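Heads up: the structure comes next, in structure tokens.
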Ligand SMILES: Nc1ncnc2c1ncn2[C@@H]1O[C@H](COP(=O)(O)OP(=O)(O)OP(=O)(O)O)[C@@H](O)[C@H]1O
Ligand SMILES: [Mg+2]
């Protein structure tokens, strides 16, 4: 048989996987963060460069606008003074505007107004013509020139306004977009780390609760639905392999405990078998001695006595055989708790008698069914009763009763008047190999086996004990059918 890993190996394996998973996720999150920061930096540099170009364009447009304004200033002077010097200045500015037009065209805003700029070029050429015509100082020509100059001003004003809007939008973009992206990115990072932490905590909780329940003898396999999305399938498999192995080992312990109990019971049962054997031997001797001289009726009676004693002895032996017969696995079937307890008590009758313990039972009349494995159930109560008997070395009272204190649960109380237990002892009694008895007297496996069997029956066990004040063990199981309410009190003296 190949042994799967024990709990520590599984946990180590699990912790390793969790750490590895965590490391991978952290590397992924940090990698994404670094990539996103680089992208943002590149985008920022690119935007800043673009913005520098836009700013240069704005400056060009600004110069262009100033040239137009200067032109119009000289135009106004000329109209006012009709001075040729003004006209010459106007021609200088017309040239400047014309040469500046090329750089103005580069602005992405101006590009959109291709038709307008062509029109502006035409207007400028027309304006140049007017400067020549207007030299004569004719009022109509001067007015036409002024109107044409106004058109030039309107266009340059429009270009400047649009560019300013464009620049302020760009400035807004360069400030707001990185801030928003940073905000969203940091938020995303926090959320991702939060999920990572929650998932890790869930995994740790899963390992803690699963190991705890396995340690308590609950060997139900782990199902993926129970663990949620956060647990690795490999680890569920490892846990289930471990559970299978522990279950197998537990079965072996249960089996060996059963054999140990058979050993204890056999010494008591020897008494029980000895009595009928003595009777048989005595009756048979009498029959041999008085052979042929006896009344046939008496002879028949003596033979019937022998038969009844044989039946009595074989019943005792069969009881023990029934109990010791080994099952690999538990077989669950409806079991009448009352009947089960009565046959169990028959098995330990001699131990009770030898320990000078009085047995008192308080069972309801009728039947009380639970779903269980008869042999294992007997084993629970043999262990509890033997512990109780051993706790009363000078004799005492052992009481067994059945109560229904829970909805759909039946509780069997095993009470003794023995030396009891301190809270420190109570804490450890279900731990395998814990015993307060001297070497050779106890293995400390009795109650841990009891605990495991009860868990498998979906039941639970509670204990209440005080030093020198006796102990009560309460074993509860889900029941199948409620018995009749009338109680029959049954007091039996072990010594009788
Ligand atoms: N009814 C009881 N009264 C007082 N102490 C008890 C009682 N039942 C159990 N204990 C304590 O619990 C310990 C563990 O019990 P458990 O049945 O597991 O092992 P054990 O009786 O010592 O040995 P084993 O049953 O393997 O022969 C006992 O050693 C004893 O100290
Ligand atoms: Mg014991």
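The values are calculated or read from the model by the stated rules, or taken from the named source; none is laboratory data. All of these numbers come straight from a predicted model, not from anything done at the bench. Glycine also receives a Cβ, built like all others from the backbone with ideal geometry; neighbour counts cover every protein chain displayed.
Details
- Some residue of the stretch 318-327 being under 30 Å from residue 450 (Cβ atoms), surrounded by 13 or more Cβ atoms within 10 Å (Cβ to Cβ) and modelled with pLDDT of 70 or more: no
- The stretch 411-425 - residue that is more than 8 Å from ligand 1 (Cβ to nearest atom) and under 35 Å from the mean Cα position of the chain (by Cα) and, of those, surrounded by the fewest Cβ atoms within 10 Å (Cβ to Cβ): 424
For (1) touching a helix residue (DSSP H, G or I) at 6+ places or on another chain (Cβ under 8 Å); (2) in contact (Cβ under 8 Å) with a residue 60 or more places away in the chain; (3) not in a helix (DSSP H, G or I), each residue gets a yes or a no:
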{"position": "67", "(1), (2), (3)": "yes, no, no"}
{"position": "75", "(1), (2), (3)": "yes, yes, no"}
{"position": "80", "(1), (2), (3)": "no, no, no"}
{"position": "85", "(1), (2), (3)": "no, no, no"}
{"position": "88", "(1), (2), (3)": "no, no, no"}
{"position": "92", "(1), (2), (3)": "no, no, no"}
{"position": "96", "(1), (2), (3)": "yes, no, no"}
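- The residue list 417, 435, 439 contains one member that is more than 13 Å from ligand 2 (Cβ to nearest atom), farther than 19 Å from residue 377 by Cα and modelled with pLDDT under 95, which is 439.
- Output for the stretch 442-457, where each listed residue is within 13 Å of ligand 2 (Cβ to nearest atom) and outside any loop (DSSP other than H, G, I, E, B): 446, 447, 448, 449, 450, 451
- Output for the stretch 433-462, where each listed residue is surrounded by 15 or more Cβ atoms within 10 Å (Cβ to Cβ) and more than 28 Å from the chain's Cα centre (by Cα): 434, 435, 442, 443, 444, 445, 446, 447, 449, 450
- So residue 144, is it modelled with pLDDT under 85 and in a helix (DSSP H, G or I): no
- Looking at 442, 446, 452, just one residue is near ligand 1 (Cβ under 10 Å from one of its atoms), touching a residue at least 60 places away in the same chain (Cβ under 8 Å) and assigned by TED's automatic domain parsing to the domain that holds residue 261, and that residue is 446.
- Residue 115 being surrounded by 12 or more Cβ atoms within 10 Å (Cβ to Cβ) and at pLDDT 85 or above: no
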